[in-house]
Structures are given as C-alpha cells and as structure tokens.
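Comments concern the structure below.
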Amino acid sequence: MIYYKRIKNKNDLEKVERVLKMKTIEEIRKEAIKVILERADNMGLLVFDRFSLLMDLNNTEEDLQLDMVRLSNSKDETFTHDIIGIQRSINRQTKKVDITFLPICNKKAVA
C-alpha cells in the first residue's frame, strides 16, 4: 500500500489517484456480463431467461475461455452466433459445451 507521507509532489499524488480509480479485472468482467445480458434480451436471443444465460456464459468461460469483454463489444452477427450457439450447445448436467461448437469470442482463438 502506498502511504501519503511517501508522496513527494503533485505528480506522484495524481499517479496514485489514477491507480485507485482503475477498475479491477473482475469489475470489468461484471460490467461486460451486464452488457451481454441486456443486449441478448433486447435482441430477443434468450432461450430461457437472463439467469440461465448468465450460468451458460460462466460455464462457457470456464470450459472454453470465453472472452466476456470481447463478446460484449462484438458485432451483432458474432454476438448472435456466440449467444445462440452457447445456449444450444451447453450440456446443463455436465456444464460443458458440446465439442461441435466453438465461440468466436474465445480467448484461445486470439492467441
């Protein structure tokens, strides 16, 4: 932790304030999920409800390293492909996505 007595000038103080205002990865992820759920609902892509989609997204993120931020910012075609594909391909007993489907917004696809 940075103590204010170590801050020697105004520039140091501004740097500390910028760091304190930065969002954590988890905060960014949560915001992306909110955007995804709202967007999927507005586009009429929900197979069940928002909570079911949330669970599907979390399982897909864990199983296939789904990139939530990339999905939340994707084009409508990519977004529709991934949301519909995830909902249709997930096995809700095993919490795994069928091997025949791969989301476009996959972290593995970027690497």
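Would you list Glu17, Glu38 from fewest to most Cβ contacts within 10 Å?
On the way: Glu17 9, Glu38 12.
Ranking Glu17, Glu38 by Cβ neighbours within 10 Å, fewest first, gives Glu17, Glu38.
Ordered by the count of other Cβ atoms within 10 Å of each Cβ, fewest first, Val69, Val97 give Val69, Val97.
Every read-out reported here was derived from the displayed coordinates using simple, explicitly stated rules and does not represent laboratory data. Every value quoted in this text rests on a predicted model; they were computed, and no experiment measured them. For neighbour counting, all protein chains shown are included, and Cβ atoms are generated from backbone atoms with ideal geometry for every residue, glycine included.
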